[in-house]
Amino acid sequence: MIESLLVANRGEIARRIIRTARRLGVRAIAVHSEADAGLPFVTEADEAVCVGPANPAQSYRNVEAVLAAAKSTGAQAIHPGYGFLSENADFARTVEASGLIWVGPGADAITAMGDKINARNLMAAAGVPVAPGTTDPAADLDAAVAAAAEIGYPVMVKAAAGGGGMGMGVATDEAALRTEYDKVRSFAERMFGDGSVLIERYFPRVRHVEVQILGLADGRVVALGERECSVQRRNQKLVEESPSPAVSPELRERLLAAAVRAGEAVDYRNAGTVECLLVPRDARGDGPDSDEFFFLEMNTRLQVEHPVTELVYGVDLVEEQLRVAAGLAPTFDPDTLAPRGHAIELRINAEDPKRFLPGPGVIRTWVEPTGEGVRVDSGYVEGNTVTPFYDSLMAKLIVSGATRAEAVERARAAVAAFELAGPKNNLPFFAELLENEEFLSGDYDTGIVSRMR
């Protein structure tokens, strides 16, 4: 096993990785910005190094500062968490070139999946279903208009280098396409340094379902079930659950097999997620008489929502990541691993519960719920300040039960028991969602939040 691990991240995910490292006897090293010096992940690490001011470009995304911290502390490996440098192929290569262990997939896999058009083409060649769309970037507006005419409206206009729900627009006709193309291209150039644009068929009613994969040290790729991620605002997830209430045993078999093929196509190692759009047969209007799914993207890192998979499968995905990086076998038998029960994750954000606008501030009260089937992965404690410099995620409330109904009941009780004052927060939204008939039925899609508002 790795002996010392530098966690190149912050907040709840850094704290969560550190927790597993310490359980395994691995020396945990934190890096932090000046703004985060008082957060729990810093004080709970065995050693901590300040890598710069609040601005992420000068701290958490500062490759030279992170590597210098690894060298000065004698770190053997680097875990990037999610966000920041986690899907930066150049950083992964630099880490390994420095003689350190990279706890993540190979740089070539990150590169292959980082461009949406290249990823689509690779997946199609591997037999993974992809939605009708362009195989090359739409070089200009005329090319985009021609592609949309061939694909058929409505279409999604997407930044090829985008991610996290950013850099997307929907066009229902040519006039809208002309507006969205310029908007997405400009945004992509500004945010990602790459203005390449993909045109893809847009399905007005879809579910967002993803599969957790793990590329093992012996070369095998295994799938650890699916997660439903359709409760979203601005194309960004708020709630995840596993298993998906929309996935039948027959569909699950196809979905997991496709995810494994996706991993195998890029010689995937470590943890990753294959994200798909699930189009219900009654929403598609054509094709075979069954629900269909299409490859959306592959996240070449640990996901925010990984705890629901951990609870359903009884594994610690961070431990499995460390074992793969160290060349060790997993703690479980891939041939006999099976899910049990149901788990739901609620992302507790510092944002108002109506418009979901950020609301940072000092945490005056913070009392986490407890009880059977309740887990809280948090990045803060009472007295900390949620600053405006980073993502608004404060904690993840994860509940599990023998059935979905039991998990929902525990989620209701946990939301009611969570005492949080200071920053704005979305707990009232979750209280509303957990009484919503559409959500309770399990028959919901990515439009559920907008219908609630």
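The values are calculated or read from the model by the stated rules, or taken from the named source; none is laboratory data. Values in this document were obtained by computation on a predicted structure and should not be read as measured data. In this analysis, Cβ positions are derived from the backbone assuming ideal geometry, glycine residues included, and neighbour counts consider all displayed protein chains.
Select the helices (runs of 4 or more DSSP H) contained entirely in region 356-453, then report the ones holding at least 2 residues which are basic (Lys, Arg), touching a residue at least 12 places away in the same chain (Cβ under 8 Å) and in the same structural domain as Ser230 (by TED's automatic domain parsing).
Result: 404-417.
What number of residues in region 358-379 are under 20 Å from the mean Cα position of the chain (by Cα) and either aromatic (Phe, Trp, Tyr) or farther than 23 Å from Glu228 by Cα (or both)? Outline the logic, then answer.
So the first thing to find is which residues in region 358-379 are under 20 Å from the mean Cα position of the chain (by Cα), and the list is 358, 375-379.
From what's left, either aromatic (Phe, Trp, Tyr) or farther than 23 Å from Glu228 by Cα (or both): 358, 379.
Qualifying residue count for the region: 2.
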Sort out which residues of region 326-352 are buried (at least 18 other Cβ atoms within 10 Å of the Cβ), closer than 24 Å to Leu393 by Cα and not hydrophobic (A, V, I, L, M, F, W, C), and write them in order of number. His342, Glu345, Arg347, Asn349, Glu351
First in region 179-202 and under 13 Å from Asp140 (Cα atoms), second anywhere and aromatic (Phe, Trp, Tyr) and surrounded by 15 or more Cβ atoms within 10 Å (Cβ to Cβ), Cβ under 8 Å, 6 or more apart: Val197/Tyr181
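Looking at Thr365, Thr387, which one is of a type in the set (S, T, N, Q), at pLDDT 95 or above and more than 30 Å from Ser4 (Cβ to Cβ)?
Thr365
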At least 3 residues that are charged (D, E, K, R) in each: list the helices (runs of 4 or more DSSP H) lying fully within region 198-315 that qualify. 249-265, 281-284
Can you confirm whether region 136-156 contains a residue that is surrounded by 18 or more Cβ atoms within 10 Å (Cβ to Cβ) and assigned to a loop (DSSP other than H, G, I, E, B)? yes
Do you know which residues across region 1-10 are surrounded by fewer than 24 Cβ atoms within 10 Å (Cβ to Cβ) and outside any loop (DSSP other than H, G, I, E, B)? Ser4
If you go through Glu419, Glu409, Glu438, the only one that is of a type in the set (Asp, Glu) and surrounded by 15 or more Cβ atoms within 10 Å (Cβ to Cβ) is Glu409
Yes or no: region 72-93 includes at least one residue that is at negative phi, buried (at least 23 other Cβ atoms within 10 Å of the Cβ), of a type outside the set (D, E, K, R) and over 23 Å from the mean Cα position of the chain (by Cα). yes
If you go through region 425-436 one residue at a time, do you hit one that is closer than 27 Å to Asn9 by Cα and of a type outside the set (A, V, I, L, M, F, W, C)? yes
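Tally the residues that are aliphatic (A, V, I, L, M) and closer than 19 Å to Asp316 by Cα, restricting the search to region 12-44.
To start, the set of residues in region 12-44 that are aliphatic (A, V, I, L, M) comprises 13-14, 17-18, 21, 24, 26, 28-31, 35, 37, 39, 42.
Of the ones still in play, those that are also closer than 19 Å to Asp316 by Cα are 13-14, 17-18, 21, 24, 26, 28.
Number of matching residues: 8.
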I want to confirm something. Restricting to region 11-41 and keeping residues that are assigned to a loop (DSSP other than H, G, I, E, B) and free of Cβ contacts under 8 Å to residues at least 60 places away in the same chain, which single residue is farthest from Leu328 (Cα to Cα)? Ala37
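Is it true that Asp194 is at pLDDT 95 or above, touching a helix residue (DSSP H, G or I) at 6+ places or on another chain (Cβ under 8 Å) and either in a loop (DSSP other than H, G, I, E, B) or crowded, with 22+ Cβ neighbours inside 10 Å (or both)?
Details: at pLDDT 95 or above: no; touching a helix residue (DSSP H, G or I) at 6+ places or on another chain (Cβ under 8 Å): yes; either in a loop (DSSP other than H, G, I, E, B) or crowded, with 22+ Cβ neighbours inside 10 Å (or both): yes.
No.
Can you find a residue that is at pLDDT below 90 and not assigned by TED's automatic domain parsing to the domain that holds Thr273 anywhere in region 166-178? Quick ask: steps written out before the conclusion?
Within region 166-178, the first condition is being at pLDDT below 90, and the residues that meet it are 166-167.
Checking which are not assigned by TED's automatic domain parsing to the domain that holds Thr273 leaves us with 166-167.
Looking through region 166-178, at least one residue is at pLDDT below 90 and not assigned by TED's automatic domain parsing to the domain that holds Thr273.
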Being charged (D, E, K, R), surrounded by fewer than 19 Cβ atoms within 10 Å (Cβ to Cβ), more than 25 Å from the chain's Cα centre (by Cα) and within 22 Å of Gly383 (Cβ to Cβ) narrows it down to one residue among Glu44, Glu34; which is it? Glu34
